[in-house]
Amino acid sequence: MSPQPWPRSGPGSAKDGKPKFDLERFDEAFFDRLRDRVTRAGERGIYVGVMFFEGWGLHLSPAPDHVEGHPFHRANNTNGVAVESILDYQVLPLDTRLAELQAAYVRKVVDTLHDLPNLLWEVANESSGGGTVDPAFAEALGQSGTPDWGDSTPWQYWVMELVERYQQEMGYQRHPIGMTMQFPVPAQTKVNDPLFDGPADWISPGYDDEIFAAGGHPMMPGSPQSRWLEDPPAADARKVIISDTDHYAPGRGDALWAWKSFVRGHPPVLMDFGIIGGTSPDDPDTGGPMSFATFEAARYAMGDTRRFAERMRLLQMEPRDDVSSTGYALANPGEEYLVLEPGETNGHVSVALEAGRYASEWFSVERRVAVPGEDVTVPAAASVDFTAPAEAPAPTVLYLKRVGD
């Protein structure tokens, strides 16, 4: 993969037969390309999550694609830097020189992108969390025994503090920085504690269901799916939660998942196996598992939630499980309500409304059609019953917006 952040100038050959890296210099082609891609995404209204480091590939990919293929591995650079595992690279304390090289790289990325508005930082994808795996799992990854990968949590906090401090020192625009699920961790039900407890602005949570206490796993046949997929908890304003199926339901995700996530206050992000190489993305009609068609409903639903987000005064709304009989609602009481009926009551829903007159609209999740409803006048605060029209069958969404004085 090229270009990389550092030039391959040698002398000597790395493990792949190409010239070794010089970690004391940067390859400007890498940073030029990075800026160009973020800029182009911004021109299309797309936010970009820029990940400083990679965790999964460093400790969970099989050789030679894990640490042996990293520029900081002893065989791949001319600077005497000798990272042998993720323990050397993402677990404190770091070697002083290595920490300086990491900090220089982070500052260079920030310098390259700091003035672009469509930007989120991320520390590392699925780095180690201080847990262990059984030998059979390690063997499946091409490793032996019970490897010690350490706990990256303090290191990730260090990176976040480094970015925050540098942005302040330079007078740069501040961009939100995130932390995502770690693997493995000592207690899976507590996998999200370091995310909520740390300095991250946004997080992407992982499996934390109680089935782990009994040895279950959402990926095992017969195990229940994660709550983040089927009944996500409402956002409580501690962190912005980007709900990424990769971290709790890889290979899953449908229209209801997207809508449930959205009305509970979480931006939905799909790990889309239908467009990942090796899953026949050019054949949308196969309908088999992991085909392109499998995830089409989820793709459309994410677009539909975005369009509602753009119509509403979203900053004034919050997830409320107490304003509707379904428990799924975004609401700015007295002004706007967006209520999901996930198909459990055949389109019947009750909404606790403040006094006022409201325009109503129904939206069918599966048919993706909007059907205008009648205006509703509520003389005093009350619970009002609604039934979806036949043209917008359940699962369906009811949108209410105050009109007039």
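The values are calculated or read from the model by the stated rules, or taken from the named source; none is laboratory data. Not measured: the values here are computed from a predicted model. Note that we place each Cβ from the backbone using ideal geometry, even for glycine, and neighbour counts take in every protein chain shown.
For the reader, a short list of remarks on this structure follows.
- Considering segment 336-354, and only residues there that are under 18 Å from R320 (Cα atoms) and in contact (Cβ under 8 Å) with a residue 60 or more places away in the chain, the residue that is surrounded by the most Cβ atoms within 10 Å (Cβ to Cβ) turns out to be L338.
- Candidate set: segment 355-379, residues that are part of a loop (DSSP other than H, G, I, E, B) and of a type outside the set (D, E); chosen: the one surrounded by the most Cβ atoms within 10 Å (Cβ to Cβ): V365
Rundown of residues vs (1) more than 23 Å from the chain's Cα centre (by Cα); (2) within 30 Å of N79 (Cβ to Cβ); (3) without any contact (Cβ under 8 Å) to a residue 40 or more places away in the chain, yes/no style:
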| position | (1), (2), (3) |
| --- | --- |
| E122 | no, yes, no |
| G131 | no, no, no |
| S144 | yes, yes, yes |
| D148 | yes, yes, no |
| W155 | no, yes, no |
| Y166 | yes, yes, no |
| T189 | no, no, yes |
| S204 | no, no, no |
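- Each residue in segment 23-74 was checked for being surrounded by 17 or more Cβ atoms within 10 Å (Cβ to Cβ), farther than 22 Å from G129 by Cβ and among the small types (G, A, S), and 1 of them qualify.
- Criterion violated by V185 - all others in (1) under 22 Å from M271 (Cβ atoms); (2) touching an Asp or Glu at 6+ places or on another chain (Cβ under 7 Å); (3) assigned to a loop (DSSP other than H, G, I, E, B) satisfied: (2)
- Scan of segment 231-273 for residues that are outside any loop (DSSP other than H, G, I, E, B) and without any contact (Cβ under 8 Å) to a residue 24 or more places away in the chain, ordered by number: F273
Conditions (1) hydroxyl-bearing (S, T, Y); (2) within 30 Å of R40 (Cα to Cα); (3) surrounded by fewer than 19 Cβ atoms within 10 Å (Cβ to Cβ); (4) out of contact with any helix residue (DSSP H, G or I) (no Cβ under 9 Å at 6 or more places or on another chain), marked per residue:
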{"position": "Q102", "(1), (2), (3), (4)": "no, yes, no, no"}
{"position": "L113", "(1), (2), (3), (4)": "no, yes, no, no"}
{"position": "N118", "(1), (2), (3), (4)": "no, yes, yes, no"}
{"position": "N125", "(1), (2), (3), (4)": "no, yes, no, no"}
{"position": "S144", "(1), (2), (3), (4)": "yes, no, yes, no"}
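- Filter pass, Y166 being surrounded by fewer than 16 Cβ atoms within 10 Å (Cβ to Cβ), at pLDDT 95 or above and either farther than 22 Å from E126 by Cβ or of a type in the set (S, T, Y) (or both): no
- Cβ-Cβ distances below 7 Å connect no pair with a first residue in segment 355-368 that is modelled with pLDDT of 95 or more, a second residue that is of a type in the set (S, T, N, Q) and not in a strand (DSSP E or B), and a separation of six or more residues or different chains.
- On inspection, D88 fails the criterion of being surrounded by fewer than 14 Cβ atoms within 10 Å (Cβ to Cβ) and not β-branched (V, I, T).
- Residue check, V91 touching a Gly at 6+ places or on another chain (Cβ under 7 Å) and modelled with pLDDT of 95 or more: yes
- For segment 386-395, a tally of residues being out of contact with any His (no Cβ under 7 Å at 6 or more places or on another chain) and surrounded by fewer than 17 Cβ atoms within 10 Å (Cβ to Cβ) returns 3.
- When each of P3, P62 is tested for being modelled with pLDDT under 95, in contact with a Gly (Cβ under 9 Å, 6 or more places away or on another chain) and either of a type outside the set (G, A, S) or not assigned by TED's automatic domain parsing to the domain that holds W155 (or both), the lone residue that passes is P62.
- Qualifying positions in segment 189-208 - of a type in the set (D, E, K, R) and not in a loop (DSSP other than H, G, I, E, B): K190, D193, D197
- For segment 360-382, the set of residues classified as within 34 Å of the chain's Cα centre (by Cα) and either among the hydrophobic types (A, V, I, L, M, F, W, C) or over 22 Å from D304 (Cα atoms) (or both) consists of W362, F363, V365, V369, A370, V371, listed by residue number.
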